[in-house]
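The values are calculated or read from the model by the stated rules, or taken from the named source; none is laboratory data. Quick caveat: nothing in here was measured; it's all calculated off a predicted structure. Virtual Cβ from ideal backbone geometry, glycine too; neighbours counted across all protein chains shown.
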Amino acid sequence: MDLTLRPYRSVLYIPGSKDRALDKARTLPVDAIIFDLEDAVTPSEKEAARSTLAAALAEGGYGKRARIVRINGLDTPWGAEDAKAANEMDCDAILLPKVESAAQLDALAALTDKPLWAMMETPRGMMAAMEIGAHPQLVGMVMGTNDLAKELNSRFRSDRLPMLTSLGLCLLAAKATGCIIVDGVYNAFKDDAGLKAECDQGRDMGFDGKTLIHPAQVDVANSAFAPTEAEIDLARRQIEAFEAAEKAGAGVAVVDGKIVENLHVATAQGLLAKAEAIAALSD
């Protein structure tokens, strides 16, 4: 499946150094996995983690899930070797942490021809989001909201008001450049109600999905970022009504008392395509 045309409702972080976690990930109903060589791996395990992860990916068993490897920054002792190793792994993309400029992506692109993703987690990254999103090798952005909150010195609020400007800047850049963009993690992995509220907010803002830190969060994210049966039904009726209106020589249709124009039909077609992609991933 094309990496840019598939669903990214649930994107789960998995430590690249833990055999048990790598095996467990093969059974989880996630859309994508970020195999982490950075934050989830201690300095003493960094080098061994590359071999552990390479062996797990070579063994396979991850099905249609997108496989993204997060390396250490190229300014660290491990980053360049991570990038070279990931370039030889059976993965779909490489994720670079703390991206603040297109030049950082250029440096990574010199080490790999794989598609790139960027962690957006610093104020400089927010201000350079458009430049980053326009990089020719970039296909996706990941919001690193924990690091961003630290950099902003912002407080946690359930409405995420302190974070909205940053989220919006990256969303605008991703939509303008055609990149995938997934929301940051929700740390309270036993709080399903709080997770659902944050997923709903991210979905309504326009995010393609949410990064997750625990398997218990997967079902909530999958449900929140999938079209509902009511939305699918409405989309089909909008398309049918508009096609009938066009045949009758009209430029608009009316469904459920609301005007349906070309732009609504395009949205409806996108929603149905997403539903079909989710079904294909589940098969």
(message) Which condition from (1) in contact with a Pro (Cβ under 8 Å, 6 or more places away or on another chain); (2) assigned to a helix (DSSP H, G or I); (3) closer than 16 Å to Val69 by Cβ is the one that Glu151 breaks?
(response) (3)
(message) I need every pair where a residue in region 93-118 that is within 14 Å of Asp75 (Cα to Cα) has its Cβ under 8 Å from the Cβ of a residue that is surrounded by 18 or more Cβ atoms within 10 Å (Cβ to Cβ) and of a type in the set (Phe, Trp, Tyr), sequence separation at least 6 or different chains.
(response) Leu96/Trp117
(request) Could you identify the single residue in Leu105, Leu57 that is closer than 20 Å to Asp31 by Cα and among the aliphatic types (A, V, I, L, M)? (result) Leu57
(message) Which of the numbered conditions does Asp90 fail, given that it passes all the others? Conditions: (1) buried (at least 19 other Cβ atoms within 10 Å of the Cβ); (2) touching a strand residue (DSSP E or B) at 6+ places or on another chain (Cβ under 9 Å).
(response) (1)
(message) I need a count of the residues in region 197-226 that are within 15 Å of the chain's Cα centre (by Cα) and in a loop (DSSP other than H, G, I, E, B).
(response) 6
(request) Output the residues belonging to region 117-153 that are under 16 Å from Gln201 (Cβ atoms) and either not hydrophobic (A, V, I, L, M, F, W, C) or not assigned by TED's automatic domain parsing to the domain that holds Asn187 (or both). (result) Thr145
(request) Can you work out which of the residues in region 2-51 that are surrounded by fewer than 19 Cβ atoms within 10 Å (Cβ to Cβ) and within 10 Å of Arg65 (Cβ to Cβ) is farthest from the chain's Cα centre (by Cα)? (result) Arg26
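Each row is one residue, and each column tells you yes or no for (1) under 24 Å from Glu121 (Cα atoms); (2) of a type in the set (A, V, I, L, M); (3) in contact with a Gly (Cβ under 6 Å, 6 or more places away or on another chain).
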{"residue": "Pro29", "(1), (2), (3)": "no, no, no"}
{"residue": "Leu37", "(1), (2), (3)": "yes, yes, yes"}
{"residue": "Lys46", "(1), (2), (3)": "yes, no, no"}
{"residue": "Leu53", "(1), (2), (3)": "no, yes, yes"}
{"residue": "Ala58", "(1), (2), (3)": "no, yes, no"}
{"residue": "Ile68", "(1), (2), (3)": "yes, yes, no"}
